[in-house]
Amino acid sequence: METHENDTKPFYLNGAGFAGKKPEIMLMDPVCTHNVWGGTRIRTDYGYQADGDDIGECWGVSAHPNGDGTVRNGAFAGEKLSKVYREHRDLFFSRDKDLVDSDNRPYYEEGTTITKPEDVFPLLIKIIDAKSDLSIQVHPDDKYAAEHENGSLGKKECWYVLDAPAEGGALVVGHNAMTHNELAEMVRDGKWNELIRTIPVQKGDFVQIDPGTVHAIKGGMLILETQQNSDITYRVYDYDRLYHGKKRELHIQQSLDVIKVPAAQLDNCVIRHDRLDSELKENELQQIYKCDKYNVMRLKVTSEALIKVTDEFFTAAVIEGSGSIDGTDVKKGDFFIIPAGYGDAEFKGDMTLILSEP
């Protein structure tokens, strides 16, 4: 059963690399996907030469078998991230780290090869361009995914709003059912307007989506998503739209199995841009959100910033502007990894980045 959100297999972008003056920093070539709800902004706004007007996602840092990114520069140029992670663990963790609870996820199936949990790259960072509404959906936690999805990781994720319509920007976060019976009845009867909880959002807002949270990205939104390395999505509702003449598969029973009732309070899910901006100090790392799966941070560089990278690797996405990291040029849309034990990373320029660590 296909339970991932992508409508076709991802395709790879292997454009011209640029010579890394400091090869320890790994610049990434992304993987893009065609989606029924996708648009053109991954090409027009971020410069990736992806053909078509339905490019929904750009997997900037990914080692998932459905979209394994390629290192662009340095000693590992041309190699898949999953291979580098598997064979050079010291680049990612300079100390032992328990990435998952062994009792929740006994193994992970990558194609036909079953690997140990610690062999799975923990994060997936992507840009999502929603020209139209994504399906109403939900993700399982590690335990449910392990038992029902061939040992896959569950999917905890978060959204940083890169752009939103000036009027009408919105996301679905949670639902209004108070009991499981009420939830099942509303889903069965198609009472979607009563069930789903839609909230207004603006550029710079942050939303945490725990497993079991009903959610959807609405049309016109541009999102940077930080998530567990998983591609498991259960569709609850897809507006009865057609893709290549057919309705996409729904996963009603799995959704009812994992949706949490009642839904979390919005205060526990949403951090507004005005609060984040009030706490931001230029040229200093700002923590946005930290949980058991990731630590998400923002860095606004206006001149020079020094970030110390010690026991764990950092991922980074340039979301505005351009600059350099220890002499390696980067620009809006670039994704890269700073290895564990790197020490002081010197950022220069005029740019904003979203960074994360597991």
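Ranked from highest to lowest mean number of other Cβ atoms within 10 Å per residue, what is the order of the peptides 213-224, 252-263?
In decreasing order of mean packing, 213-224, 252-263 become 213-224, 252-263.
Here the sum of -39500 (n - 2.57) over DSSP H runs of 4 or more residues, divided by the residues of the chain, equals -3000 deg cm²/dmol at 222 nm, to the nearest 500.
Between Asp350 and Asn66, the simple label model (points 7 Å from Cα in the Cβ direction) yields a spacing of 4.0 nm.
Per-residue Karplus couplings for region 192-203, computed as 6.51 cos²θ - 1.76 cosθ + 1.60 with θ equal to phi - 60°, are listed in order as 5, 5, 7, 7, 7, 10, 9, 10, x, 9, 10, 3 Hz, Gly and Pro entered as x.
Report in % the part of the accessible area of the chain that belongs to carbon and sulfur, leaving out ligands and nucleic acids; probe 1.4 Å. That share works out to 45 percent. Amide H to amide H distances under 5 Å link Asn295 with Glu357, where only residues 5 or more positions off or on other chains count and H is placed in the peptide plane.
Does a label point 7 Å from the Cα of Asp329, set along Cα-to-beta-carbon, have any residues of region 36-76 with amide nitrogen under 13 Å, and which are they? Under 13 Å, as judged by backbone N against the label point of Asp329, lies no residue of region 36-76.
Inter-part distance, region 223-265 to region 140-196, computed on C-alpha centroids, equals 7 Å.
The residues of the chain expose on average 42 square angstrom of accessible surface per residue, using a 1.4 Å probe on protein heavy atoms. The protection proxy used here, the mean number of other Cβ atoms lying within 10 Å of each residue, ranks peptides 128-138, 165-175 as follows, highest first: 128-138, 165-175.
Relative contact order for region 275-343: 26 percent, from Cα pairs under 8 Å spaced at least 6 residues apart, divided by residue count. Applying the criteria of a DSSP loop state and at most 15 other Cβ atoms within 10 Å to the GluC sites (Glu not before Pro) of region 270-301 yields Glu282, Glu284.
Taking Cα extents along the principal axes in Å as calculated from this structure, the corresponding entry among [x] 58, 52, 38; [y] 62, 46, 41; [z] 59, 47, 38 is [z]. The three principal axes of the C-alpha atoms in region 183-256 carry coordinate ranges of 35, 29, 24 Å, sorted with the longest axis first.
The values are calculated or read from the model by the stated rules, or taken from the named source; none is laboratory data. The structure presented is a predicted model; accordingly, all values stated were derived computationally and were not measured. Cβ sites come from the backbone with ideal geometry, for glycine too, and all protein chains shown count toward neighbours. Side chains included, ligands, DNA and RNA excluded: accessible areas come from the protein's heavy atoms. Shrake-Rupley method; radii C 1.70, N 1.55, O 1.52, S 1.80 Å.
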